Amino acid sequence: MMFGLLYNQWSLFLLITSIYFGCSWEYGRLVEKITGHPIDPYMKLGIALIGYHLVLLLGAGSIRLGDYSIRENFSLPFLIAGFILLVLGIFKTKIISKKMILWLLGGLLYMAVPLGMLQSFSIPGTYDIHLHDTSYVIGAKHLVLFVIGSVWINDTMAYLAGSVIGKTPLSKISPKKTWEGTISGIILSAALTWLLFSLIFFHTIIWPFAIIGGVISAITAISGTFGDLFESKLKRMAGVKDSGRIMPGHGGFLDRFDSVLFAAPAVWLFIKVFYG
């Protein structure tokens, strides 16, 4: 995981591709249980390829395979192939419910768009952040690591704090989550993520960066909590404990990256509004 995030743009691209198709497959299985109807494999694959077209369109802008741009030369073929497979699947399926179609299309917004946005963080190469007449250059891949790291630190801190001081349930959707644990997780994540980020990548504590780092980390933690609750709701509707079994003891892809799917668009919006 760390190798994929830090090695180069291609390793990150392949990592996000793996996450997308893993999440897409698990989401299709959840939709089958929620709607009570099996989904033809052609439909599943077709929707997945259409979604991957969105991932490439949003996040593969500067990635090249030799002389070929991944976005310009490969995104459209994935869209066409996905559309053909989707149509074949529809004709093979005896019963097509509007509910199923809406769920499948909703999956594009739930998974493809956020992961495309996450990949797009690496497109500029670097980000220049100006604080008090000082410019700090941050590697784009480090921003991706920052977002994912914030999610994991928030989850860990919220769990630990909730185990010790948690009393008030946060939501009926996820009874084990508490307000005390959630708030503690957000605060500790905002404090620890920028501190670790500064020490690891700048080898010193950059206090002016604390404000921006804390804000991004808080946005990630808050939006990620909603992502966790949303996936818990999907699993409850489907009547399952875990979205998959790809990682024994840790569930599936959606279980691991549910928070990231909500955090990535929130951070993307913040970066676009304040840093172009």
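Here are a few things to note about the model shown:
- Note on the chain: percent of Cα-Cα distances in each 10 Å bin, starting at 0 and stopping at the bin with the largest distance, equals 7, 27, 33, 23, 9, 2, 0.
- The chain, relative contact order [Cα under 8 Å, separation at least 6], %: 19
- Carbon/sulfur fraction of accessible area - the chain, other protein chains in place, 1.4 Å, %: 69
- Ordering of 252-259, 160-167 by packing [mean C-beta count within 10 Å, highest first]: 252-259, 160-167
- Helix-only arithmetic for the chain: the sum of -39500 (n - 2.57) across DSSP H runs with n ≥ 4, divided by the residue total, places the mean residue ellipticity at 222 nm at -23500 deg cm²/dmol.
- Cα lying deepest toward the dipole's positive end in the chain, options Val151, Met43, Gly66, charges on Cβ: Met43
- Mean Cα-pair separation over length for the stretch 150-276, i.e. relative contact order, pairs under 8 Å, 6 or more apart, %: 22
- Dipole magnitude (debye, nearest 20) for the stretch 5-97, charges at Cβ of Lys, Arg, Asp, Glu: 220
- Loop-located trypsin sites (Lys or Arg not before Pro) across the stretch 175-235 with a Cβ neighbour count of 13 or fewer within 10 Å are Lys176, with loop assigned by DSSP.
- Seen from Gly185, the other residues with C-beta closer than 12 Å to its C-beta sum to a net charge of -2, counting Lys and Arg as +1 and Asp and Glu as -1.
- Within the chain: Cβ-based charge dipole about Cα centre, in debye rounded to nearest 20 (Lys, Arg +1; Asp, Glu -1): 1020
- Spacing of the two label points (7 Å from each Cα toward its C-beta) at Lys94 and Ile200, in nm: 5.3
- Nearest-ten-degree value, helix 70-92 long axis tilted from longest Cα axis of the chain: 40
- Per residue, the accessible area of the chain comes to 51 Å², computed with a 1.4 Å probe over protein heavy atoms only.
- Chymotrypsin sites (Phe, Trp or Tyr not before Pro) restricted to DSSP loop in the stretch 1-93 with at most 14 other C-beta within 10 Å: Tyr7
- Straight-line reach from Lys241: taking Cα to Cα under 20 Å and skipping same-chain neighbours fewer than 8 places apart, the lysines in range are Lys33, Lys172, Lys176, Lys177, Lys233.
The values are calculated or read from the model by the stated rules, or taken from the named source; none is laboratory data. These numbers come from a predicted model, not from an experiment. No Cβ is skipped: glycine too gets one built from the backbone with ideal geometry, and neighbour counts run over all protein chains shown. What goes into the accessible areas is simple: the full protein's heavy atoms, side chains included, and nothing from ligands, DNA or RNA. Shrake-Rupley method; radii C 1.70, N 1.55, O 1.52, S 1.80 Å.
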